[in-house]
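For reference, the structure discussed in these notes is given below.
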Amino acid sequence: MKIFLKTEDEIELMRQANQLVGKTLGELAKHIKPGVTTLQLDQVADVFIRDHGAIPTFKGFPNPYGGPFPASICTSVNDVVVHGVPNAETVLKDGDIISIDCGTLLNGFCGDSCYTFCVGEVSEDVKELLRVTKESLYKGIDNAVAGRHLGDISSAVQDHCEAHGYGIVRELTGHGIGREMHEDPQVPNYGRRGNGVMLKASMCIAIEPMITMGKRDIWLDDKDRWTIRTRDAKPAAHFEHTLVVRKGKAEILSSFEEVENIEGKLY
């Protein structure tokens with residue numbers, strides 16, 4: 001395992017890449033409504049990212065199970081946990097949820113963030129899943145402090161979500177981030193306090209709870225070899241921030257501000 005600590009100049013470049021991700025998610029929030037296809041959302045994101053001088057890092061990303069990722073964002077609807085491939089056949093409906101994971105490469109550094117959106121009127125039990133998942137992200141971030149351990153982040157996410165009866169996806173994790181989208185260390189959403197790598201100031205990581213309403217079991221859809229769904233077909237939520245570990249309090253580099261300015265704080 002090789003963990004790269006970032007200089008303050010590098011952290012500033014990462015902030016710019018991550019702020020662009022936040023702005024892209026905000027732009028997408030304007031378009032999320034019943035009748036829109038996930039392919040249309042991908043086209044909006046691709047144009048927006050490139051118009052701001054960046055490259056969508058997901059496009060062409062290699063897949064150990066099949067071909068490279070064909071789109072600029074991941075659009076994961078309802079029971080899709082992650083890696084949903086945008087297409088013209090998936091039309092958003094009233095009551096759906098959609099997790100949009102977005103990455104950018106700007107000035108040599110990566111940004112990465114995800115937000116789960118409501119489409120029209122969503123049931124209260126699904127809103128509760130989103131609320132708890134989002135809360136767990138910030139509980140994890142509260143523990144991303146120099147001198148603590150990765151397990152402190154992981155257990156904070158796990159404890160909060162399991163206390164509400166939700167499943168924690170274990171096969172997929174958060175990650176280090178910098179010049180590459182995926183760097184060491186992996187950041188699981190389950191674990192024990194005091195375990196794992198000790199956190200150091202200037203480490204940059206992405207924390208991303210992937211939480212299911214039912215059981216935590218997942219499966220890979222053979223149609224595209226990317227889409228990962230819940231085994232019981234119940235909804236899943238996914239929120240992600242990129243941050244830098246600091247002494248005393250982590251610094252979040254990505255942002256949900258643009259999204260929440262448009263759709264409000266629904267949960």
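The values are calculated or read from the model by the stated rules, or taken from the named source; none is laboratory data. Computed from a predicted structure; not experimentally measured. All Cβ positions, glycine included, derive from the backbone under ideal geometry; neighbour counts span all protein chains shown. Please note that ligands, DNA and RNA were not included when accessible areas were found on the heavy atoms of the full protein model with its side chains. Shrake-Rupley method; radii C 1.70, N 1.55, O 1.52, S 1.80 Å.
Laid out as a table, the results:
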quantity: Ser254 buried (at least 20 other Cβ atoms within 10 Å of the Cβ), modelled with pLDDT of 95 or more, part of a loop (DSSP other than H, G, I, E, B) and among the hydroxyl-bearing types (Ser, Thr, Tyr); calculated: yes
quantity: Of all residues in region 132-157 being in contact with a helix residue (DSSP H, G or I) (Cβ under 8 Å, 6 or more places away or on another chain) and open to solvent by 20 Å² or more (accessible area, probe 1.4 Å), the one that is farthest from Arg193 (Cα to Cα); calculated: Glu135
quantity: Ser154 being over 20 Å from Ala201 (Cα atoms) and either among the charged types (D, E, K, R) or in a helix (DSSP H, G or I) (or both); calculated: no
quantity: Members of region 158-187 found to be in contact with a Gly (Cβ under 8 Å, 6 or more places away or on another chain), assigned to a strand (DSSP E or B) and over 22 Å from Met198 (Cβ atoms), listed by number; calculated: Gly167
quantity: Hits in region 67-80 (condition: open to solvent by 10 Å² or more (accessible area, probe 1.4 Å) and of a type in the set (Gly, Ala, Ser)); calculated: Gly67
quantity: Filter result (within 20 Å of Ile98 (Cα to Cα), buried (at least 16 other Cβ atoms within 10 Å of the Cβ) and of a type in the set (Lys, Arg)) within region 10-45; calculated: Lys23
quantity: Cβ pairs under 9 Å, 6+ apart, first in region 57-72 and within 18 Å of Ala17 (Cβ to Cβ), second open to solvent by 80 Å² or more (accessible area, probe 1.4 Å) and among the polar types (S, T, N, Q); calculated: Ser72/Gln43
quantity: Complete set of residues in region 53-66 that are at pLDDT 95 or above, touching a strand residue (DSSP E or B) at 6+ places or on another chain (Cβ under 8 Å) and either at positive phi or open to solvent by 30 Å² or more (accessible area, probe 1.4 Å) (or both); calculated: Gly53, Ile55
quantity: Selection from region 224-261 of residues that are within 15 Å of the chain's Cα centre (by Cα) and among the hydrophobic types (A, V, I, L, M, F, W, C); calculated: Ile228, Ala236, Ala237, Phe239, Leu243, Ile252, Leu253, Phe256, Val259
quantity: Any hit, region 213-236, residues being touching a Cys at 6+ places or on another chain (Cβ under 9 Å), within 22 Å of Lys134 (Cβ to Cβ) and surrounded by 20 or more Cβ atoms within 10 Å (Cβ to Cβ); calculated: no
quantity: Candidate set from region 81-118 (those that are open to solvent by 10 Å² or more (accessible area, probe 1.4 Å) and of a type in the set (Val, Ile, Thr)); member that is nearest to Gly167 (Cα to Cα); calculated: Val85
quantity: Options Phe48, Phe4; residue that is free of Cβ contacts under 8 Å to residues at least 40 places away in the same chain and open to solvent by 10 Å² or more (accessible area, probe 1.4 Å); calculated: Phe48
